[in-house]
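Structure, as structure tokens:
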Amino acid sequence: MARLKTIWQLSALAALAATTATIAVNQAPVTEPGKSDVIASVLPVETRPVEYQHGYEVQRVFSGRVQARRESLLGFDAGGRLASVQVLEGDRVQQGALLATLDTARLAARRAELAAAQAEAEARLALASATLKRLRGVLESGGVSRQELDEAREGRRAAVAALDLARQRVATIDVELEKSRLFAPFDGTVVERMVDEGRVLATGEPVLHLQESAIPEIRIGVAGDAVKLLQTGRVYALRHGQTTLEARLRTVLPRRAARTRTVDALFDLVGEYREFEHLRPGDSVNLYLALAIDEPGYWLPLAALTEGERGLWNLYVAEPAGGPSPVIGATHRVGRRTVALLHHEADRVFVRGALQAGTPIIASGLQRVVPGQWITTADSLVAAGEHR
């Protein structure tokens with residue numbers, strides 16, 4: 001009897017617990033399927049409309065170098081033994097400064113010999129002149145014949161010619177002596193010394209490399225049709241490392257290099273010499289030119305492209321649903337377009353393909369979507385939130 005009573009009490013407690021749970025469930029707040037819950041289950045994507053462009057600009061970079069306006073490999077007009085070099089590499093010299101000399105011992109001896117011959121010719125001329133003068137004085141008295149007078153006259157003329165020849169020979173030696181000294185043809189810096197004292201030089205063999213101390217010029221090789229964009233007299237901004245240089249285009253040379261197929265453009269730097277002392281001949285300088293390409297298409301973010309077939313590329317567009325979608329809350333469907341890549345930059349590309357101005361493309365997160373997938377755009381999601 002006690003056992004039956006206990007069973008009855010347990011059954012009553014179980015029934016009471018079930019009733020309490022049912023009441024609690026029925027009294028709990030029921031959340032109706034609102035738009036926010038449905039939209040949250042649809043993948044939102046970021047889109048942006050494309051804009052039609054009639055063409056695009058390509059920035060071309062052309063490299064050149066700094067070069068001295070004048071630089072020369074200096075040598076002697078005549079060969080000989082190098083006696084002295086007055087300068088070292090790095091020395092700055094002024095125009096007319098003595099740089100080097102040749103051994104002139106032989107020339108000095110030869111000049112002394114010719115100077116003696118000149119003195120002898122002068123003495124012969126003096127004697128011939130005196131003889132002619134005396135003969136003219138006694139011609140009227142009949143002391144000399146006309147023939148003797150003619151001989152004296154021609155003898156004097158021969159003495160004059162001999163003296164002229166002697167003087168010319170001395171002058172020639174003086175020129176050779178002058179050529180035995182090497183002078184700076186312009187203000188500059190000795191950048192290289194090729195030989196030292198004691199060497200026997202051939203005619204014209206370089207001794208020193210002299211580079212002019214003046215504002216350098218810029219030589220840049222421009223390829224293709226970009227030459228047509230250059231305007232003589234215009235000031236261009238050139239890049240030297242992290243520095244911008246202003247340079248005026250002086251001329252474009254009327255020939256194209258056979259090896260590089262470029263045309264050299266020469267620029268004059270705008271400013272004072274002290275502003276460009278940091279430049280060294282051989283430094284690299286770049287010229288940037290914007291080339292207009294007449295090819296219609298669209299600019300897209302680089303992240304909007306995926307690789308396609310046969311060298312083409314794909315992008316995804318958000319196509320309007322056009323009616324009720326099978327997925328509640330979806331406003332668009334993913335479509336695929338194939339485009340050709342015409343030009344690319346760091347973070348954007350210019351393409352040509354079956355697009356229209358204003359078409360919303362999926363700009364990022366392409367790995368999350370596939371063609372045919374139902375989606376909602378970020379703009380639609382915001383609009384839905386505002387509607388609530």
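The values are calculated or read from the model by the stated rules, or taken from the named source; none is laboratory data. Owing to the predicted nature of the structure, the values given are computational and were not obtained by experimental measurement. Cβ placement follows ideal geometry from the backbone for every residue including glycine, while neighbour counts extend to all protein chains displayed.
Worth pointing out:
- ASP264 passes every criterion in (1) of a type in the set (Asp, Glu); (2) closer than 30 Å to GLN118 by Cα; (3) not assigned by TED's automatic domain parsing to the domain that holds ALA121 apart from (2).
- Residue tally, condition touching a Pro at 6+ places or on another chain (Cβ under 9 Å) and among the charged types (D, E, K, R), over the stretch 306-331: 1
- Screening the stretch 328-388 for strands (runs of 3 or more DSSP E) wholly inside it with 1 or more residues that are β-branched (Val, Ile, Thr) and at pLDDT 90 or above returns the ranges 332-344, 348-353, 360-362.
- Flag: ALA223 matches the condition of being hydrophobic (A, V, I, L, M, F, W, C), surrounded by 12 or more Cβ atoms within 10 Å (Cβ to Cβ) and touching a residue at least 40 places away in the same chain (Cβ under 8 Å).
- Residue in the stretch 177-187 that is surrounded by fewer than 12 Cβ atoms within 10 Å (Cβ to Cβ), touching a strand residue (DSSP E or B) at 6+ places or on another chain (Cβ under 9 Å) and in a loop (DSSP other than H, G, I, E, B) present: no
- Qualifying residue in the stretch 235-242 (condition: touching a strand residue (DSSP E or B) at 6+ places or on another chain (Cβ under 7 Å), in contact (Cβ under 8 Å) with a residue 24 or more places away in the chain, loosely packed, with under 14 Cβ neighbours inside 10 Å and assigned to a strand (DSSP E or B)): yes
- Failed criterion for GLY155 (all others in (1) touching an Asp or Glu at 6+ places or on another chain (Cβ under 8 Å); (2) over 30 Å from ARG248 (Cβ atoms); (3) small (Gly, Ala, Ser); (4) crowded, with 16+ Cβ neighbours inside 10 Å hold): (1)
- Sole exception among (1) touching a helix residue (DSSP H, G or I) at 6+ places or on another chain (Cβ under 7 Å); (2) farther than 27 Å from ARG274 by Cβ for PRO216, by number: (2)
- Looking only at residues in the stretch 282-307 that are surrounded by 14 or more Cβ atoms within 10 Å (Cβ to Cβ) and out of contact with any Leu (no Cβ under 9 Å at 6 or more places or on another chain), the one that is nearest to GLY241 (Cα to Cα) is ASP283.
- The listed residue being modelled with pLDDT of 95 or more and β-branched (Val, Ile, Thr), out of VAL227, VAL207: VAL207
- The criterion of being free of Cβ contacts under 8 Å to residues at least 60 places away in the same chain and either part of a strand (DSSP E or B) or not basic (Lys, Arg) (or both) does not hold for VAL285.
- Residue in the stretch 74-83 that is within 30 Å of LEU266 (Cα to Cα) and at pLDDT 95 or above present: yes
Per-residue answers, yes or no, for (1) in a helix (DSSP H, G or I); (2) without any contact (Cβ under 8 Å) to a residue 12 or more places away in the chain; (3) on the phi > 0 side of the Ramachandran plot; (4) surrounded by 11 or more Cβ atoms within 10 Å (Cβ to Cβ):
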| residue | (1), (2), (3), (4) |
| --- | --- |
| GLU246 | no, no, no, yes |
| ARG250 | no, no, no, yes |
| ALA258 | no, yes, no, no |
| PHE267 | no, no, no, yes |
| GLY271 | no, no, yes, yes |
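- Hits in the stretch 306-331 (condition: touching a residue at least 40 places away in the same chain (Cβ under 8 Å), within 20 Å of ALA357 (Cβ to Cβ) and in contact with a Ser or Thr (Cβ under 6 Å, 6 or more places away or on another chain)): VAL317, ALA318
- Matching entry among LEU132, LEU98 (being under 38 Å from the mean Cα position of the chain (by Cα) and either at pLDDT below 95 or surrounded by fewer than 15 Cβ atoms within 10 Å (Cβ to Cβ) (or both)): LEU98
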